[in-house]
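J.: After the C-alpha cells below, expect a handful of questions from me.
Quick note: the coordinates plus some simple rules give every number you see, no bench work behind them. Quantities reported herein were computed from a predicted structural model and do not represent experimental measurements. We place every Cβ from the backbone using ideal geometry, glycine too, and count neighbours over all the protein chains shown.
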Amino acid sequence: MVGTCCISPSPTVCFLKERLERKTLSLLTTMSSRVCSRYAVYGKEKSKFRALTMFAQKIPSASFDDISLLAENTAEAFSKCCNSMAEDCMPKELSELTTKVCTKLSSKDERFADCCSRNNFMETFLCTYSLPPAKSLQLPEIQRPQDKELCTDDERQTADKFIFELARRQTNIPEVFLSKVYDASHHLVSECCSSADGMACLASKRPQLQQEILKFLTKAGELCDGYNALTFLEFKKKVKESFSKTMPDVTPEVLSELVEQRANFASTCCIMNAPPVYCGLKINAEIGHTCDRGSCMLI
C-alpha cells in the first residue's frame, strides 16, 4: 500500500481508498466464513428456512411474499459461492443480494433503511446480518394448514408460510430452536404423505405433534426471555431458584453444576446466529427434546 500510494498523484486519496478496500475485503472474508460454515450444516433448502426466519423476526411487518423471495435469493447466493473457488463469486452475489434486500425492505423499516445507507455493500450486509430481532407482533392465532394442503405440490410453500407466521409472532425464540420445529414438521409430512393413506396418518399423528411443539416453544420462550430480560447473575439466580423448587433434595454441588450448565446453554443458544450444530445437541440435552419419526417428545 505504501509503495503504491507514495508514487500516486494523490497519496491521501490513495491511502483512503486502499484502507477502505482492505476493510471491505476483511469483512467479506469474515462474513463468507460465517455464512458458509452455516450453509455447510444446513444445505440449500434449510438455508432458505433460516433466511426466512431471520427476516421474519427482524422485520415482522414485512409481507410473506417479499421475505420468501429474499430467503430464496439468499439460499441461492450461498449455494453458488460456498462451494465455488471463484474469487469474485461472493462479492458479486452479496452485492446483488444486498441491493435486493434494500430495495424490498428499506422503505418498510427504519433499521433496514439505516443499514442500507452505509458506505458499501459489505457494511450494509454486516449491518442487516447483525440486526437484533424486532418485538413480536400481536397478531391473531396462526391459521394452521389443513391436512389436505400438506400432501400437495405446494407443501413446501405451505410449510414456509407457517414458519414465517410462527417466527414473526415468536421473535424471542432463536432460529436454532425453530429449526427443531421445522425438522419435526417436515419429517411428519414426508412420512405421512408417502404412506398408503396420508390423510389418515396426518389425522392420527399431527395433533400430538402440535401439542408437543407448543410445549417445546413455551419452554424455549421462557428460557430465552429470562436470559435476555435479566443480567447474567440475575438469570443464574432465577435458574437456581427454579432448580431448587423442582429438585429440593439435590446437593449444593450438583445444584451449582446444573445452574452453570443451564446458564452456559442459554448464553450460547439464546442469541441470534447461535451455532447450529452445538445448539442442536444442547437443546436436546437441556430442554429434554427429541424428534424421532416426526414426533417431538418433551421429557
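J.: Which of the peptides 165-177, 252-264 is most tightly packed, and how do the rest follow, going by the mean number of other Cβ atoms within 10 Å of each residue?
T.: Ranked by mean Cβ neighbours within 10 Å, highest first: 165-177, 252-264.
J.: By how many degrees, between 0 and 90 and to the nearest 10, does the Cα long axis of helix 89-105 differ from the longest principal axis of the chain?
T.: Computed tilt is about 70 degrees.
J.: Would you please put 181-193, 227-239, 271-283 in order of how densely packed they are, using the mean number of other Cβ atoms within 10 angstrom per residue and starting with the highest? Show your work: numbers first, answer last.
T.: Values: 181-193: 19.5, 227-239: 15.0, 271-283: 16.7.
Answer by packing, highest mean first, reads 181-193, 271-283, 227-239.
J.: Another question, if that's okay. Compute the Cα gyration tensor for segment 93-200, then decide on rounded, prolate or oblate, letting a ≥ b ≥ c be the square roots of its eigenvalues: rounded whenever a/c is under 1.5, prolate when a/b is larger than b/c in the other cases, and oblate in all that remain. List each step's numbers first, then the result.
T.: Details: a/c = 2.75, a/b = 2.16, b/c = 1.27.
Note, shape of segment 93-200 comes out prolate.
J.: So which lysines can Lys282 reach, going by Cα to Cα under 18 Å and dropping same-chain residues fewer than 8 places off?
T.: Straight-line reach from Lys282, under 18 Å: Lys180, Lys215, Lys219, Lys236.
J.: Next up: For the chain, what is the calculated [θ] at 222 nm in deg cm²/dmol (nearest 500), taking -39500 (n - 2.57) for each run of four or more DSSP H residues and dividing by its residue count? Don't skip to the answer; put the middle values down first.
T.: Numbers: 13 runs with 217 residues, N = 299.
Here the helix-only value at 222 nm equals -24500 deg cm²/dmol.
J.: Here is a further query. Express the relative contact order of the chain as a whole percentage, based on alpha carbon pairs under 8 Å and six or more residues apart in sequence. List each step's numbers first, then the result.
T.: Working: 305 pairs, mean separation 51.7, N = 299.
Relative contact order here is 17 percent.
J.: By how many degrees, between 0 and 90 and to the nearest 10, does the Cα long axis of helix 11-58 differ from the longest principal axis of the chain?
T.: For 11-58 against the chain, the angle is about 20 degrees.
J.: Does anyone have the angle between helix 175-193 and the longest principal axis of the chain? Alpha-carbon axes, 0 to 90°, nearest 10?
T.: Helix 175-193 sits roughly 60 degrees off the main axis of the chain.
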